[in-house]
Amino acid sequence: MDTPAHLITAPILDWYAANARDLPWRTADATPWGVLVSEIMLQQTPVKRVLPVWHEWLRRWPTPAALAAEPSGEAVRAWGRLGYPRRALRLHAAAQAIVERHGGEVPDVHAELLALPGIGAYTAAAVASFAYRQRHAVLDTNVRRVLARMRTGVEYPPKAQTRAEVALAEALLPVDPPTAARWSVAVMELGALVCTARSPRCVDCPVLDRCAWQAAGRPAYDGPPRVGQTYAGTDRQCRGRLLAVLRDAPAPVEKGALDIVWADPVQRERALDGLIADGLVDPLDDGRYALPV
DNA sequence: TAATCGTGGGT
DNA sequence: TACCCAAGATT
């Protein structure tokens, strides 16, 4: 029989109160827009690398309207080296949609958040919870790992999210919305700081004596091999090189400036075509290339 | 559904 | 050193 929910949630809420990091998007004066920007930037990207870029974005574009008024290429440029630059493009598009559809205010309705570009199930739930103190199951990679260990007794969750995981998350979600919102950020923080993917700090865990994985003797992951991401020599690396040229250039560049950063012409052209198709690069009539307007 | 999409730091 | 993987979304 599972440990009752409150015997799990209460210690983790207490742990969070004592151990939460001071992050700028969690302060009392953080705006929903600041929360939304942080959530997009944090997708697949560590907090440490997000912090300086987030500060610069919020200083420069304190509202969705401010960003929406800029060329999308400026968002791509200010994205810097956070990676997955389509996120910058989608965040710019989301800002425009927020201005057009929601009067410039980040919506507080889950379905309306979900309808914005670049916002999926996780991010919609996260913004509704963290910016508006609502009650939603917030399932990110941290929470999925914590629940897999604590409740299912396995080291890692399945590759693709299952309905069973959603049911698990909803079963633990406190009834009171503000408490549920605090729980969501608390269990995520536990996954980020203690119940980490590798070398978990179980000695610091507030629910170690209620952990199914611990009770089972912390068995090693037993399942299909988890796919590693190769990078060197891939189209992704090539796209990154090409886009870096445009980010670092103050003006449109000649084709030659792109050619010199990647030797294989076939792969280079394919990658450039992909960037253009994605709207990350704008081919000008004079043969030069620029970030999009 | 599975592949694709950047980058840098921890172990 | 080579991996591993980090607050996912989209097609």
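The values are calculated or read from the model by the stated rules, or taken from the named source; none is laboratory data. The structure presented is a predicted model; accordingly, all values stated were derived computationally and were not measured. Note that we place each Cβ from the backbone using ideal geometry, even for glycine, and neighbour counts take in every protein chain shown. The protein model used for the area step is the full one, side chains on, heavy atoms only, and it has no ligands, DNA or RNA in it. Shrake-Rupley method; radii C 1.70, N 1.55, O 1.52, S 1.80 Å.
Some notes on this structure:
- Identity of the residue in segment A:248-271, under 26 Å from A:Leu91 (Cα atoms) and out of contact with any Phe, Trp or Tyr (no Cβ under 8 Å at 6 or more places or on another chain), that ends up least open to solvent (accessible area, probe 1.4 Å): A:Ala249
- When residues of segment A:20-48 are limited to those that are open to solvent by 70 Å² or more (accessible area, probe 1.4 Å) and more than 8 Å from DNA strand C (Cβ to nearest atom), the one farthest from A:Pro107 (Cα to Cα): A:Lys48
- Hits in segment A:220-240 (condition: open to solvent by less than 50 Å² (accessible area, probe 1.4 Å) and either in contact (Cβ under 8 Å) with a residue 12 or more places away in the chain or part of a helix (DSSP H, G or I) (or both)): A:Gly223, A:Gln237, A:Cys238, A:Gly240
- Set side by side, the residues A:Gln229, A:Gln267 differ, and just one is modelled with pLDDT of 95 or more and polar (S, T, N, Q), which is A:Gln267.
- Subset of segment A:168-216 that is over 17 Å from A:Thr9 (Cα atoms) and of a type in the set (S, T, N, Q) - its residue that is farthest from the chain's Cα centre (by Cα): A:Gln214
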